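Take a look at the structure below.
Computed from the coordinates by the stated procedures, all read-outs in this text should not be read as laboratory data. The model shown is predicted, which means the values in this text are computed figures rather than measured ones. Neighbour counts are summed over all protein chains in view; Cβ atoms, including those assigned to glycine, are modelled from backbone coordinates with ideal geometry.
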Amino acid sequence: MEFDRMEALLEKYFEGETSIDEENELKEYFSSSNVAPDFEQYRPLFRYFTEAREQKFTNNVSLISKKPKALWLSIAASVVVLIGVGAYTYFNSMETEKESKELGTYDDPEEAFEATQKALAMLSTNVNVGVGGVQYLQVYEVTKDKVFVE
C-alpha cells in the first residue's frame, strides 16, 4: 500500500503537481530507514534538500568600492573615442577637399558648356524612359474603367 502511494507521489512530484504537504511526506519517507529498494535511487535527492535547508552562509563579504577603477576606465574610453572621432574628421575633411577641387570646376568655358550638355542629354533620356512607363499606366486605367463600369 505504501509502495503504491509513494510511487504515485513520486510521479506527481516529477510532473510538478505535488502540494507542499505531499512534498513534506516524500521528504519524511526518504529520510526514514525503511525505504523500498526500488526507491533507493531517489534517496540522495531528498537527502540533499534536507541538508541544503540546514546550510547557513557563513562567509563575510567585504564591500570594496570599485568606483576609482571604473572612473579611470570611463575616462580612458572617452579619450579613445575622442581621438577616433578627431582622426576620422581630419582624414575625411582632407578627402572632401580633394574631391571638391576635382568636381565641377572647368577653366575653359567651352569645355564646361559641353559637359553641361552631356549631363542634360543623359537626364533627358532617362526622363523620357520614365514617361513611357507612365503612358502604360494610363492605358491600363482606361481599360480598367471600360471593364469595371460603375
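Structure data summary
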item: Cα long-axis angle, helix 2-15 against the chain (0 to 90 degrees, to the nearest 10); result: 20
item: Ordering of 40-47, 56-63 by packing [mean C-beta count within 10 Å, highest first]; result: 40-47, 56-63
item: Gain upon complete extension [Lys27, Ile75; 0.36 nm per residue less C-alpha separation]; result: 11.7 nm
item: Matching label, percent of Cα pairs over 19 Å apart computed from the structure shown, candidates (1) 59; (2) 80; (3) 48; result: (2)
item: Net lengthening on full extension, Tyr106/Asn126 (0.36 nm per residue, minus Cα-Cα); result: 4.7 nm
item: Convex hull (Cα only) mean projected area of segment 2-54, reported in nm² to one decimal; result: 3.6
item: On Cα atoms only, tilt of 20-31 relative to the major axis of the chain in degrees; result: 60
item: Proximal lysine pairs, the chain, alpha carbons under 28 Å, eight or more residues apart or interchain; result: 5
